[in-house]
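These notes are about the structure you will find just below.
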Amino acid sequence: MPKKASPQKNNQPEYRLLVVPQLAERTQRMTTMLVLETVKAFATFRYELSVEEHFQPPSLRFVVAGFKTPRLDLPSSGPAQYRTIFEGLDGVYDVTVEGIDGRVNTFSLRIAPTQVSVLKAPRKPFVQICTDTAVWNSLST
């Protein structure tokens, strides 16, 4: 049973979701990369997000289960992150993120081999979505 949703502080997002096309180096085919990360940066470790991934076209569902300790020998700071790549996505998809506390955000995206666009987003999201790597990188700084 999901935990009760806690009120958001200042309506700030808790997660960021990047969805972008990417050329796979090995196969030279276009893929779609999804990166889900916490907005909060951790000072001592760069944790990995433990995420259950469910893909049943035309729906992608990501359920955040918690954090995993990093597999690096050297500690570093930064947000907790989950990264995955899909091949062959083309069309309209519902992308759902369920947080640890049970809150759910669903986005409707048009995914093409060279571009991703947001068709519909929740009114009060706890997930900030981005479809442009340059914008994503500028938000990180």
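The values are calculated or read from the model by the stated rules, or taken from the named source; none is laboratory data. On a predicted model such as this, the values are computed, not experimentally measured, just so you know. Ideal geometry is used to build each Cβ from the backbone, glycine not excepted, and the neighbour counts take in all protein chains shown.
Quick notes on this one:
- So Arg46, is it under 23 Å from Leu139 (Cβ atoms) and either at pLDDT 95 or above or out of contact with any His (no Cβ under 8 Å at 6 or more places or on another chain) (or both): yes
- Region 34-70 - residue that is among the hydroxyl-bearing types (Ser, Thr, Tyr) and part of a strand (DSSP E or B) and, of those, surrounded by the fewest Cβ atoms within 10 Å (Cβ to Cβ): Ser59
- Qualifying positions in region 84-135 - outside any strand (DSSP E or B) and within 19 Å of Ala24 (Cβ to Cβ): Gly88, Leu89, Asp90, Ala112, Pro113, Thr114, Gln115, Thr131, Thr133
- Residue match in region 122-141 (condition: more than 12 Å from Leu17 (Cβ to Cβ) and in contact with a Lys or Arg (Cβ under 7 Å, 6 or more places away or on another chain)): no
- Any hit, region 88-99, residues being in contact (Cβ under 8 Å) with a residue 24 or more places away in the chain, over 22 Å from Pro21 (Cβ atoms), surrounded by 13 or more Cβ atoms within 10 Å (Cβ to Cβ) and of a type outside the set (Gly, Ala, Ser): yes
- Any hit, region 71-80, residues being under 25 Å from Arg26 (Cβ atoms) and surrounded by 17 or more Cβ atoms within 10 Å (Cβ to Cβ): no
- Picking from residues in region 16-33 that are basic (Lys, Arg) and outside any strand (DSSP E or B), the one that is surrounded by the most Cβ atoms within 10 Å (Cβ to Cβ) is Arg29.
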